[in-house]
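Undergrad: This is the structure, below, for whatever I ask next.
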Amino acid sequence: MSPDSGRILGEGALSIQVNPEGLTPAAYRGTITLSFSNGAVFDIAVLTIVSPLSAGLAAGGRAADGCTPTDQYLLPTSIGNNRNLAVGYPAVVLIQVADNCGSAVTGANVFVTFDSGDPTLFLNDLRTGIYSATWTPQNATVGTKMRFSSVHPQLKSSALEYEVGLQQARAPQVFRGGVVNGASFEPRAPLAPGSIISAFGQNLTPQTYFSPTLPLATNLGGLSMKIGAYDVPLFFSSTGQVNAQVPFELPPNATFSVLTSLNGALATPEPITVAASQPGIFTRDQSGSGPGAILNQDFSENSVSRPAARGSVIQVFATGLGATNPRAPSGRPSPGSPPATTVSPVQARIGGLPAAVQFAGLAPGFVGLYQVNVTVPEGVPAGPNISLELIQNGASSNTVTIAVQ
C-alpha cells in the first residue's frame, strides 16, 4: 500500500485500492489500522485474492475464464482479531467467503468454534458470499480462540483463527446530573415531556447502537430506560451516551427517577424534574452554543455565507416545547396533516428584539423535534453572530446565534 500511513483532518472518507500488478496468484492478507485522536484504535482485516488472470469477481458466481475454483478463503468482517467483547452481550458475526478465482462462495457450511466452552455457532448463508449469525458470549476468559471454518462440497475446507477477550459486563452508570436537554445540554435544568434528551455515563452499552425503525426501540443492545412507569424511546446508545425521548405521558411539575438497566444490571437511579416547558435550540456543532440549527426562508442552512434577510421567515429547530395538539405518541413520528402545534405559545427574540412566531410545533415526520418559524425583525442589525432565543411559559432556551444581512 502506498503511502503506508496518512492522516485525515476532520470528517472525510477513506478509500483504499489494491494494485495487483506484480503479485503472483495467491491470497494476500493484511491489516489497516485506524488510530483516532480520542485514543481509539480499530483494525480492519483485508483479504486480496489475485487469480491467475487477475480476473476479479466472475459474473454470477461462475469461475473466471482460465481459473478453476479449488480453494476458499474466509474474511471475518464484523469481529476483529484481538477485539474485546462483553459476556452476555449479543455480537453480530459476519464472514465473507471467496474462492481462489475471486468469486463469492455460496452453499458452504460455515461455523465458529470456541475454546471458552461456548457452543458451536452455525452461520446462515445469505447467498451473496456472506454468512451471518449472532453470538452471545457465555464465558469470560482472557483470551478466547475463535476458529472460523468453511466446508464446501467442491472446494478445499478452510479455517482461520482469531483471538478475542471476553470480559464480564459491568453495571451501567449514569452520571449525577447527567440527564440533560439534548439540544442545550443545560445541566440540572428541568425537562419537558416529549423532549429529546442525552444521558451521559459509562458502561452504558459496549458498542454503538441506533434504533433501526420507527417507532423508536425501547431496548438497544440490552439497554433500557424507564421514567416513572413509562418505557423510554431510544434513538442511540454507546458506552458513554444515550439519546432518548422523555415520554409525552409524564405529567409536568413533578420529580421522577430515570431507571437505566443493562441486561438486568441496574444503574443508580438519576432524579429529574419534569416541567411543562424547557426549550432547547439545537446548534450546528451539537454543543448547545454558537450557530443554531436554522434554515433560511429558501430552506438553505443559515450561515455566514448564507445569512437571513431581515423580514424573512426562518425555521428554528428545537426540543422541549411540551404538549401539542393533536397529541403526539411517544417514540413515533409526528403528524403532518394537521401538524402538531404547541399547546403553550412560544415567543422569540432575535438580537434582543421581539420576533413574531408564525408557527411552533413538532416537525412532521420526526420524533421529539420541534420547528419554530420566526420572522427576522426589520430592526435587527446585520452581522454574523446575532443572538436568538426562544421563551415558553417563562422558561428561556439556550442562546444561539444567527447570521443576518
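Derivation of every value follows stated rules applied to the coordinates shown; laboratory data play no part. Values in this document were obtained by computation on a predicted structure and should not be read as measured data. As a convention, Cβ positions derive from the backbone with ideal geometry for all residues, glycine included, and neighbour counts pool all protein chains shown.
Undergrad: Just to be sure I understand the model, the point goes 7 Å from the Cα along the line to the Cβ. What's the resulting Ile44 to Val304 distance in nm?
TA: Inter-label distance under the simple model: 3.3 nm.
Undergrad: Between Ser287 and Asp115, what length in nm is gained on full extension when 0.36 nm per residue of separation is reduced by their alpha carbon distance?
TA: Once the chain is fully extended between Ser287 and Asp115, it gains 57.3 nm.
Undergrad: Given a Förster radius of 35 Å and the C-beta distance between Gln297 and Phe200 as r, what FRET efficiency does 1/(1 + (r/R0)^6) yield to the nearest 0.05?
TA: Computed FRET efficiency for Gln297 and Phe200 comes out at 0.45.
Undergrad: What stretch of the chain, leaving out the sites themselves, is the longest with no GluC sites (Glu not before Pro) in a DSSP loop having at most 12 other Cβ atoms within 10 Å?
TA: That gives 22-377 as the longest site-free run.
Undergrad: With an 8 Å Cα cut-off and a minimum separation of 6 or more residues, compute the relative contact order for the chain in percent.
TA: Here the relative contact order equals 11 percent.
Undergrad: Once label points are set 7 Å from the Cα along Cα→Cβ at both Leu94 and Ala382, what is their separation, rounded to one decimal in nm?
TA: 5.1
Undergrad: Provide the per-residue ³J(HN,Hα) series for region 241-250, in order, calculated from phi with Karplus coefficients 6.51, -1.76, 1.60 and θ = phi - 60°, each as a whole number of Hz, with x at glycine and proline positions.
TA: For region 241-250, the Karplus-derived couplings read 8, 10, 9, 8, 10, 5, x, 4, 6, 5 Hz, x marking Gly and Pro.
Undergrad: Using a Förster distance of 22 angstrom, determine the FRET efficiency expected from the C-beta separation of Thr128 and Leu23, and round it to 0.05.
TA: Approximately 0.30, to the nearest 0.05.
Undergrad: Which trypsin sites (Lys or Arg not before Pro) does region 264-364 hold that lie in a coil by DSSP with at most 15 other beta carbons within 10 Å?
TA: Qualifying residues, ordered by number: Arg284, Arg327.
Undergrad: Based on the Cβ-Cβ distance from Asn325 to Leu266, what FRET efficiency comes out when R0 is 56 Å, to the nearest 0.05?
TA: That gives a FRET efficiency of 0.95.
Undergrad: Subtracting the Cα-Cα distance from 0.36 nm times the residue separation, let me have the gained length for Val142 to Ala356 in nm, one decimal.
TA: Additional length available on full extension: 70.8 nm.
Undergrad: Starting from 0.36 nm per residue, how many nanometres of slack lie between Thr70 and Thr208 once their C-alpha separation is accounted for?
TA: Extending this stretch completely gives an extra 45.8 nm.
Undergrad: Let me ask another. Can you tell me how region 255-405 classifies by the Cα gyration tensor, rounded, prolate or oblate, using a/c under 1.5 as the rounded cut?
TA: Prolate, since a/c reaches 1.5 and a/b exceeds b/c.
Undergrad: Same structure again: Which stretch or stretches of region 98-140 have amide N atoms under 13 Å from the point lying 7 Å from Ala159's Cα along the Cα→Cβ direction?
TA: Residues 111-115 qualify, since their backbone N sits under 13 Å from the label point.
Undergrad: A follow-up question, please. Under a point-charge model restricted to the Cβ atoms of Lys and Arg (+1) and Asp and Glu (-1), what is the dipole moment magnitude of region 246-405 relative to its Cα centre, in debye to the nearest 20?
TA: Around 140 debye, computed over region 246-405.
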